[in-house]
1. Could you give me the radius of gyration and the Dmax of segment B:301-346, taking only the C-alpha atoms into account and expressing both in angstrom?
2. If the convex hull of the alpha-carbon atoms of segment B:1-147 is projected onto planes in all directions, what is the mean projected area in square nanometres?
3. Dividing the convex hull volume of the Cα atoms of segment B:1-62 by its residue count, what figure in Å³ per residue is obtained?
4. State, in angstrom, two size descriptors of the protein assembly as shown derived from its alpha carbons: Rg to one decimal place and Dmax to the nearest whole number.
5. If you take the alpha carbon radius of gyration of segment B:205-257 and divide it by 2.2 N^0.38 Å, what ratio comes out, to two decimals?
6. Taking 1 over the mean of 1/r across every pair of different Cα atoms in segment B:250-371, what Kirkwood radius in Å do you get?
7. Can you give the log10 of the normalised intensity I(q)/I(0) at q = 0.19, 0.23 Å⁻¹, computed with Debye over equal Cα scatterers of segment B:235-303?
8. Binning at 5 Å from 0, report for segment B:42-120 what percent of all alpha-carbon pair distances ends up in each bin.
Amino acid sequence: MSCADPFHCVTCADEGVAMRVVAVDEERGLALCAAPGGERQSVEIALVGPVAPGDLLLVHAGTALAALDPTEAGA
Amino acid sequence: MKYVDEFRDAGIGRVLSGEILAAVEPGRHYKVMEVCGGHTHSIYKYGVDDLLPANVELVHGPGCPVCVIPMGRVDDGIALAHEPGAIFTCFGDMMRVPGSRGTLLEAKAEGADVRMVYSPLDALRIAKANPDRETIFFAIGFETTAPSTALTLMRAKAEGVKNFTVMCNHVTIVPPLRALLESPDLRLDGFIGPGHVSTVVGARPFAFIPAQYEKPCVIAGFEPLDILQAIHMILVQLAEGRCEVENQYTRVVPYEGNRKALEVMAEVFELRPHFEWRGLGFISQSGLKLSARYAELDAELRFSVPGVRVADPKACQCGEVLKGVIKPWECKVFGTACTPERPIGTCMVSSEGACAAYYNYGRFAREREVV
């Protein structure tokens, strides 16, 4: 997830990134998350329910918009 | 990888392709618009269009915020970047968008302190690390990025950060869709709805498409099978004489959207009476500005912004591309004077812009067709 990557747009018309929660800072409402490529980023978690390390989040511009629930991964 | 591999399965793709072929009426031409740039990008990256019958045409919509930003707003941003002592922050794609007198990247080369960030939160962090300087964030995007800007503004206000402001260019998706549906030069049969915008706003805002214009709208994910399935669902609706909003992307999009995200947006933003869209002109109530509660964090109020309207370059046909009236390669300057390295129009700047997607993926296929 790099701004220099010509095939990914952070401005994200509509392209979110699935990121894995590494650690949660509940006091500040932030979670340290890892992108598929391994890059880490602080993510706002105010818009999703309680999160725990290992959870997968849909992240847009540093904010988690939805928790991705593996049990609902239908086609 | 979970959520990815199962939606890129070539075998299932071929099955869906066959089902699409079975759903079309021979002799009828179908025009389906994918609203958002993320879909455009996926379609050309994975060659989704190659799996469609010749009479199913995909039309690219206005859903790339970088592509719809007018030159005047870029000029305003560059003017702010040149404010003495200011740190100007924006997403990477925005830095290469041409204004009437250059880009933010060129402003940086001239000495302005322009910095690329991944999120508004990064911009706030820069402001806190440089308390003696003003940090401005150039906010851009649809309802996917607007909640992020809203949360950062709430955080800045709560923490009492005085040297942080936002130049707000956020836009909303429904007004341009309505403008397109009212456009006399466009005949569409259905819409592939934006997946992640819908994560925030839900499916309800798109109900006017079937209710008032009698067109199907299927909200879709971004993997190739998501898009193929959504096209199939649209064609089935048409074959059965139905038109409604359906949600293909149920694994992410709840019908009601994300209520907390809508609440923070309502707290921080209010609608502008009108906002200019590149190629589409002024559209009523389509842009967001900071609400009175956040006026002290509004860059357009704290600094002097020229606010001059600039006409698009004559050679550039981004407007027609954004409305789906012409294909990118039909533009006079596509691939010659206008390339991703030296873009004239915004559609060639962002990787999600229709022209950049064609240039990066489709152009060579077209050359093969010609041969």
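Bear in mind these aren't lab numbers, they're just calculated from the coordinates by the rules spelled out. If you're wondering where the values come from, they're calculated on a predicted model, not measured in any experiment. We place every Cβ from the backbone using ideal geometry, glycine too, and count neighbours over all the protein chains shown.
1. So, for segment B:301-346, Rg and Dmax equal 14.0, 43 Å respectively.
2. 12.3
3. In segment B:1-62, the Cα convex hull volume per residue is 87 Å³.
4. 21.0, 68
5. Normalised Rg, Cα atoms only: 1.10.
6. Evaluated on segment B:250-371, it is 17.6 Å.
7. -0.95, -1.01
8. Over segment B:42-120, the share of Cα pairs per 5 Å bin runs 3, 14, 20, 18, 11, 8, 8, 8, 6, 3, 1, 0 percent.
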